[in-house]
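What follows is a set of notes on a single structure, which appears directly below.
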Amino acid sequence: MRATLALFVADVFASVPRKDQRAKGDCYLRGLMLDGRRKSIQAMAERLPDGNEQNLQQFVNQSTWDPVPVQRRIAKRMVPLVGPDAWAVDDVSFPKDGRMSAAVAHQYCGALGKQANCQVAVSVHAVADAASVPLHWRLFLPQEWADDAERRRRTGVPDEIGHREKWRLALDALDELAGCGLVPPVVVADAGYGQNADFRHALTGRDIPYVVGVRADLSVQPHDAVPAAPPWSGNGRPPVPRYRQPPVPVAQLALAAGRQAFREVTWREGSRGPMRSHFLAVPVRPAGVRSRRLTQAAAVAAHGRWDGVLPDVWLLAEWSDGDSKPTRFWLSDLPEDIPPRRVGPPGQDPLAHRARL
């Protein structure tokens, strides 16, 4: 593996200006790949025959080199190798003690499953059944750090870096990857991102299909609901058509469909046998003030008017055996007949593709 790794280092670190920096990069990667539970600089330096703790520390946190070209080169190498079915947007958390690690705060920590002192990064991974690789990542800076000049100075947070919402960081990552020619076949994310109408709308505006988790209380209009406008007197602007019936939560809509509407889907073989559950796919129109305003703004910008019709998406709901009601929900703007070449092997049911994603 040593020769193969050397070729990899020569390629991905080609943008790093100095030879000694590239050599330290090679040493650092070997430290990550060697056996040993702890991957701190000190622990890796002790295991490496050419390890030098001071040199590795300097390479990681003091040496001047631009990580962006390295990150882009890794992404360009890995996407063809992984052959991703999707790109996953997610949070990656790092539990921490103390207050002086950059961007550390008391926030939800996925690694611990609760609120805790940690750092959180927003990541974009290329994912397939057999592999996953990070393509882009950014440290999330909580609001409390925005005006804390002393902590920013001591931890080296650049002046131009401020608080930015996670969903915006995710879009920034997708835009940067698009800038180097990498576009996702579909984006998947949990409800932390999918619940946000701005995030979904921004993906649509970038022509990026998505399958995103949503909470049970997300409101939607049924697919066959039709907006209507009140009579116009002829004076002023014509009234905008509106939906007269109130929207319903996705949990209520899925439950009303009944257990018989859910189909059993097996999406892959797990460590304990086939992974299967019961799913419903039904077209809906996301409601809510924010969804309506975003749709109206986009329609007016493109066509000069809005007919009041909200865009169609798929509501996907899961009703697992043993549950008294559906418990998990997603929105997807994938087409009804998903092309197999994009998200799965030929011959699979489109609903199975969605369940698999």
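Each reported figure results from applying straightforward, stated rules to the coordinates on display, with no laboratory input. Here the structure is a predicted model, which means the values were calculated and not measured. Positions of Cβ are backbone-derived with ideal geometry, glycine not excepted, and every protein chain shown enters the neighbour counts.
Worth pointing out:
- Between Val240 and Arg77, residue separation times 0.36 nm minus the direct Cα-Cα distance comes to 53.7 nm.
- By the count of other C-beta atoms within 10 Å, a proxy for reagent exposure, Lys166, Lys24, Lys39 are ordered fewest to most as Lys39, Lys166, Lys24.
- Projected onto its three principal axes, the C-alpha set of region 224-270 covers 64, 21, 14 Å, listed from the longest axis down.
- Least to most buried among Ile161, Ile74, Ile41 (fewest other Cβ within 10 Å first): Ile161, Ile74, Ile41
- Unpaired by the 4.7 Å Cβ criterion, cysteines found in the chain: Cys27, Cys180
- A straight Cα-to-Cα reach below 16 Å connects Lys96 with the lysines Lys39, Lys114, residues fewer than 8 places away in its own chain not being considered.
- Potential extension, His303-Arg272 segment - 0.36 nm per residue separation minus Cα distance: 5.9 nm
- For region 67-184, fraction of C-alpha pairs farther apart than 21 Å, in %: 44 percent
- Protection-proxy order for peptides 290-301, 184-195, 114-125, each taking the mean of Cβ atoms within 10 Å per residue, highest first: 184-195, 114-125, 290-301
- Förster radius 22 Å - calculated FRET efficiency between Thr155 and Ala14, Cβ distance, rounded to 0.05: 0.15
- Cubic angstrom per residue, convex hull over Cα atoms of region 187-236: 149 Å³
- Calculated over the chain: convex hull of Cα atoms, volume per residue (Å³): 194 Å³
- Net charge of neighbours whose Cβ lies under 13 Å from the Cβ of Val250, counting Lys and Arg as +1 and Asp and Glu as -1: +2
- Fraction of antiparallel bridges per DSSP, the chain only, in percent to nearest 5: 90 percent
- When the P(r) of region 56-106 is calculated, the portion above 18 Å amounts to 62% of the C-alpha pairs.
- By the helix-only formula, in which each DSSP H run with n ≥ 4 contributes -39500 (n - 2.57) and the sum is divided by residues, the chain has a 222 nm mean residue ellipticity of -10000 deg cm²/dmol.
- With K and R counted +1 and D and E -1, the other residues having a Cβ less than 12 Å from that of Asp198 yield a net charge of +4.
- Sorted by Cβ neighbour density within 10 Å, fewest at the top, the residues Asp50, Asp159: Asp159, Asp50
- Other residues lying with their Cβ under 14 Å from the Cβ of Pro238 contribute a combined charge of +2, Lys and Arg counting +1, Asp and Glu -1.
- Gyration tensor (alpha-carbon) shape descriptor, region 1-65, a/c threshold 1.5: oblate
- Mean separation of Cα contacts under 8 Å, 6 or more apart, over the residue count of the chain: relative contact order %: 12 percent
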